[in-house]
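Engineer: Here it is, the structure in full.
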Amino acid sequence: MIKAGIIGATGYAGNEIVRLLLGHKDVEIEWLVSKSFEGRNFADIYRNFFEILDMDCLGSDLENLIDRVDVIFTATPQGYLSSVLKEEMLEKAVFIDLSADYRIKDVEIYEKWYGIKHASPELIKRAVYGLCEVNRDDIRNTRLLANPGCFTTCSILTAYPLIKEQLIDPDTLIINALSGVSGAGRGAKVQNLFSEVNESAKAYGVTTHRHTPEIEEQLSYAYGGSVTVNFTPHLIPMNRGILVTETASLRQGADEGSIRAAYEKHFGREFFIRLLKDGFNPETRFVEGSNFTDIGFKVDRRTNRVVLMGALDNLVKGAAGQAVQNMNIIFGFDETEGLKALPMVP
């Protein structure tokens, strides 16, 4: 049994970590930290935990709190962890960070896209990018885990086998992605009010979305050279979910059989990645509430391009679920522990 602390527990991702850890047989939640709700009982904020979890939210006193836990999840805005983390803290607890502070290896790219100064660039080299199905071996040995973003997890997993096997021209990769409103966080924002979002859909962050360099960096590692993509996210009126549709030109010789073989080679034995049968396309409703990613594809011989499709729950596999999956890998637990819940339909 290990003990866990969660900083940013009252955000959507933090709340989801709480929910998942309460169903984990090898973990006990030791404390919860919330800047906005310090002193409030967690179950008064999220009443789905009424008579299930009786715990008050604490203020962020990391220097003292760290000695009480084995793992700390930071579901916090960009810049928080990098401003408080010190190297000696990594000897006391494993940190699993859901922000972008340690995802991007080039600090100049991070500072350019996020518009803030990185406060501990010397620690970036110690971080492992926590895309479980790709970096599992490195994840096992890290004390600082950079949990991927929701758009990036779906976008990278959907394209990874074809990039890795060089079945598509990476310079032609175009990614369009749809996200539910919870992806924007729990903070009060006019543009996320019900009447602003309902019965509407919009593109945002066009050519400037912060997940772009993360996608490019990880796909570049897979390809073995530079990859540049067009990434366009869209906000749609649903609570949860990510759906990506990606298109790219096929390399000579690539066909349905070689594409299916590439997916099977890299993901065929992965519990949390489901490769759909021919004729079925991913839908967010079939992954909602789960840690699964559904992937499908269709070859367009008319244009010599392939259409790749992926779906996941942005708060589970796109955030909290992947964080727990990473924790399981690091501590040697069954990788599926606490994450076996089936998707909720309807």
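Engineer: So which residues in the range 262-316 are more than 20 Å from residue 337 (Cα to Cα), in contact with a Ser or Thr (Cβ under 8 Å, 6 or more places away or on another chain) and buried (at least 22 other Cβ atoms within 10 Å of the Cβ)?
Structural biologist: 295, 306, 308, 310, 311
Engineer: Also, I was wondering about something else. Looking at residue 104, is it in contact with a strand residue (DSSP E or B) (Cβ under 9 Å, 6 or more places away or on another chain) and part of a strand (DSSP E or B)?
Structural biologist: Against the criterion (in contact with a strand residue (DSSP E or B) (Cβ under 9 Å, 6 or more places away or on another chain) and part of a strand (DSSP E or B)), residue 104 does not qualify.
Engineer: From the set of residues in the range 141-161 that are among the hydroxyl-bearing types (Ser, Thr, Tyr) and over 25 Å from residue 181 (Cβ atoms), which is surrounded by the most Cβ atoms within 10 Å (Cβ to Cβ)?
Structural biologist: 160
Engineer: For the range 36-89, which residues satisfy the criterion of being out of contact with any helix residue (DSSP H, G or I) (no Cβ under 8 Å at 6 or more places or on another chain), surrounded by fewer than 15 Cβ atoms within 10 Å (Cβ to Cβ) and part of a loop (DSSP other than H, G, I, E, B)?
Structural biologist: 36, 38, 39, 40, 59, 61, 86
Engineer: Identify, by number, the condition in (1) assigned to a helix (DSSP H, G or I); (2) under 23 Å from residue 214 (Cα atoms) that residue 19 doesn't meet.
Structural biologist: Condition not satisfied by residue 19: (2).
Engineer: Being under 27 Å from residue 227 (Cβ atoms), of a type in the set (Lys, Arg) and surrounded by fewer than 17 Cβ atoms within 10 Å (Cβ to Cβ) is the requirement here; does residue 164 meet it?
Structural biologist: No.
Engineer: If we scan the range 287-304, do we find a residue that is hydroxyl-bearing (Ser, Thr, Tyr) and under 30 Å from residue 18 (Cβ atoms)?
Structural biologist: Within the range 287-304, one or more residues are hydroxyl-bearing (Ser, Thr, Tyr) and under 30 Å from residue 18 (Cβ atoms).
Engineer: Now a separate question. Kindly indicate whether residue 247 is crowded, with 16+ Cβ neighbours inside 10 Å, over 21 Å from the mean Cα position of the chain (by Cα) and within 17 Å of residue 154 (Cα to Cα).
Structural biologist: yes
Engineer: Right, next: Please determine whether any residue of the range 12-31 is at pLDDT below 95 and either surrounded by fewer than 18 Cβ atoms within 10 Å (Cβ to Cβ) or of a type outside the set (D, E, K, R) (or both).
Structural biologist: There is no residue in the range 12-31 that is at pLDDT below 95 and either surrounded by fewer than 18 Cβ atoms within 10 Å (Cβ to Cβ) or of a type outside the set (D, E, K, R) (or both).
Engineer: On to the next question. Please tell me if residue 153 is out of contact with any helix residue (DSSP H, G or I) (no Cβ under 9 Å at 6 or more places or on another chain) and of a type in the set (S, T, N, Q).
Structural biologist: no
Engineer: Consider residue 319 carefully, then state whether it is part of a helix (DSSP H, G or I) and buried (at least 21 other Cβ atoms within 10 Å of the Cβ).
Structural biologist: yes
Engineer: Would you point out the residue of the range 168-186, among those that are in a strand (DSSP E or B) and of a type outside the set (A, V, I, L, M, F, W, C), that is surrounded by the most Cβ atoms within 10 Å (Cβ to Cβ)?
Structural biologist: Across the range 168-186, the extreme among qualifying residues is 179.
The values are calculated or read from the model by the stated rules, or taken from the named source; none is laboratory data. Just so it is clear, the model here is predicted, and its values are computed rather than measured. Glycine gets a Cβ as well: all are built from the backbone with ideal geometry, and neighbour counts include every protein chain shown.
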